[in-house]
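These notes are about the structure you will find just below.
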Amino acid sequence: MFFIALAAVWLTASPLAAQNAAPEDEALATIDPEEIILPAADVTLDEFLWLKRPVVVFADSAADPRYVQQMQLILERLDPLEDRDVVVITDTDPGARSDVRQKLRARGFMLVVLAKDGTIVIRKPSPWDVREISRSIDKLPLRQQEIRDRRDALRN
């Protein structure tokens, strides 16, 4: 069911991404959404501790318009998320009571961004575009250190 919903969102987002693609967006074609976007039933938040920044998208149904919009926004710009070590976790089945849903106490649509240490950075009741998500991540102290380390590595 998850992959059917992901495919439906991907198919509707692909024409939009192709129309807006700039030459620097060619890296998007090499990013496999299934490596970044994972169903909550298959993961726990603990497995990403200090490795990835989970961005969790909750809804009561994959047909929720806010969920569809959020996933389109994410699929259109996977590259900035990959650069920030993001993994997107989706949960559209409240009845399954996934570990992720129970820990974050989600109801209805909700977007949650977590830091690598597991702390909640933001909770939003409406979709956010990747630029807003990226900005909230870029303000984190660990992310600032990663940027400095990358800059120093390029200088040497």
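Overview of values
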read-out	value
In the range 128-155, residue farthest from ARG84 (Cα to Cα) [restricted to those that are hydrophobic (A, V, I, L, M, F, W, C) and either in contact with a Gly (Cβ under 7 Å, 6 or more places away or on another chain) or surrounded by 15 or more Cβ atoms within 10 Å (Cβ to Cβ) (or both)]	TRP128
Condition met for VAL121 (part of a strand (DSSP E or B), touching a helix residue (DSSP H, G or I) at 6+ places or on another chain (Cβ under 6 Å) and closer than 16 Å to LEU38 by Cα)	no
Test: residue in the range 95-105 that is out of contact with any Lys or Arg (no Cβ under 8 Å at 6 or more places or on another chain), part of a strand (DSSP E or B) and over 26 Å from THR30 (Cα atoms)	no
Residues of the range 90-115 that turn out to be under 19 Å from ASP46 (Cα atoms) and within 17 Å of the chain's Cα centre (by Cα), as a count	11
Single match in ARG101, ARG77, ARG135 (criterion: in contact with a Leu (Cβ under 9 Å, 6 or more places away or on another chain) and modelled with pLDDT of 95 or more)	ARG77
Answer from ALA40, ALA59, ALA63 - the residue that is surrounded by 11 or more Cβ atoms within 10 Å (Cβ to Cβ), under 16 Å from PHE109 (Cα atoms), out of contact with any strand residue (DSSP E or B) (no Cβ under 9 Å at 6 or more places or on another chain) and at pLDDT 95 or above	ALA63
Output for the range 86-99, where each listed residue is touching an Asp or Glu at 6+ places or on another chain (Cβ under 8 Å) and free of Cβ contacts under 8 Å to residues at least 40 places away in the same chain	PRO94
Some residue of the range 52-59 being part of a helix (DSSP H, G or I) and free of Cβ contacts under 8 Å to residues at least 60 places away in the same chain	no
Some residue of the range 127-146 being under 16 Å from the mean Cα position of the chain (by Cα), in contact (Cβ under 8 Å) with a residue 40 or more places away in the chain, closer than 22 Å to PRO39 by Cβ and part of a loop (DSSP other than H, G, I, E, B)	yes
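Residue-by-condition table, conditions (1) surrounded by 15 or more Cβ atoms within 10 Å (Cβ to Cβ); (2) touching a Phe, Trp or Tyr at 6+ places or on another chain (Cβ under 8 Å); (3) farther than 19 Å from ILE74 by Cα:
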site: SER98; (1), (2), (3): yes, no, yes
site: ALA115; (1), (2), (3): yes, no, no
site: THR119; (1), (2), (3): no, no, yes
site: SER126; (1), (2), (3): no, yes, no
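The values are calculated or read from the model by the stated rules, or taken from the named source; none is laboratory data. The structure presented is a predicted model; accordingly, all values stated were derived computationally and were not measured. Counting neighbours? That spans all protein chains shown, and the Cβs are built from the backbone with ideal geometry, glycine included.
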